[in-house]
Structure formats: structure tokens, C-alpha cells
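What follows is one structure encoded as C-alpha cells, with my remarks underneath.
The values are calculated or read from the model by the stated rules, or taken from the named source; none is laboratory data. Treat the numbers as computed from the prediction; the structure is a model and nothing was measured. All accessible areas refer to the heavy atoms of the entire protein, side chains included, with ligands and DNA or RNA removed. Shrake-Rupley method; radii C 1.70, N 1.55, O 1.52, S 1.80 Å.
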Amino acid sequence: MITLHSNPLVSSPAKTDQAKAEDVTPVSNTDASIAKETESQSAQPEFSSRAEMLAQMNKEFDITGTDFHISQQFINRLSEIGLLSKSEATELNQGLPLTSDGSKSTQSLTTLKSALDNIFERVKDEGGASGLLSVIDKSRKILDNLDGSKSKTFPIDPATAAAELDHYLKSDDSSILAEDEKQSLNDLKTALTIADKLSPEQRTSAQVSKYMEILKRYG
């Protein structure tokens, strides 16, 4: 007597084209978005040196132009290519004034230099203004060489100058200033911080000590 056994290895009938189509996992909008973002990121240019980063920034924003101003767009771009951290960009953007068209930007460097000249002349005989006058005087040359393309040597370390300016603005001595003058000095502080990021110097131990002294004095 022959016993028939079912064979588990026998394959089931092939699926129809419709069944195959139903088995395809649909691509969600999220997955498609991620893929598109990844493709976009891979298309972003990579910069192998700081010089290439600066060249790209100058191409996009004309940093050396007379009408250049520090905008939120400029600061965000610095962060995108790695010249500023996200936290630094956020802090700088918070200090930008609103313009008449609703954007955030400092005044142009040409306008800023003129405003600083006016402040210098107005307060030069005021008591307690000597420190401010010194920073303004030395900062003029930094504004003329913001990206360090003309010289790698600044008359004062930009980060130190920005710290001195910040602490002056927070002191009682700043009461001699009008609100628009304070805003011009805040714009100068932003420009000094940008100069430090665009062309960082190999600071000497004396410069580092001076910077730390300022932070401790007013901290």
C-alpha cells in the first residue's frame, strides 16, 4: 500500500502582477523628503580651506564693497559653511537691529564709519570716554580690512576690542550716548566679532591675558 505525503517544498503558484504591485512598500512623504534633503546636502560645495570659504562669502556678499552690511542672511551663511557656530550665529542675529523693510541688518560699513567719526568728535572731551575713544580709533582700520585681505595685522585684537566695547555699553559711562549712538556701537561690536571670525589671528599670550583680564574685570 502506497501512502501519499504532501510535499512542503512545493512552491505556491506565482503571484500575479497585481499582487506583486500590492507588496511594494509605498514611499512616505517623509522618506521622500529625507532623500531629497540628502541629495541637496550632497550637492553643497565643500570647502577645503578657510581661504576658499572667504572667497565664496566675498562672491556672495561682496564683503570688501563700500555698501557691505552685516545681515541675518550673511551671519546664517557664515554658520552654514562653518565659520560660525550655530550658537554664535544666534547671538549675533539677536543683536542686529530691525530695518525699515522688516529685515535685520547693521548699517553699511561706510555709514558706520561716518557715525563713529561723529561719536568720536562729540564725546572726546567727556569724562570717562577715553576707553571708548581708544576702541573707536583702533576699530576704524579693522572696518577697512574686515576680512583680513589687506593685512593680517590689526591695530587691536578684534575680540578684545569687542569685549571692551560691550562692557563700556553696559557701564554707567555709556549714559552720555544717545540711543542711535549706542546702536552704532552695537553694530561696531558685531563687525568686530565678524572680523575675528573671518581672519582669526594667532594671538600672543599677552593678547590672551588682556582678553581674560577684561572678562574677569566686568564678569
Length gained when the stretch residue 110-residue 51 is fully extended (0.36 nm per residue, less Cα-Cα span): 18.8 nm
Could you report the accessible area of residue 172 in Å², rounded to 10, computed with a 1.4 Å probe on the protein chains as they sit in the structure? 140
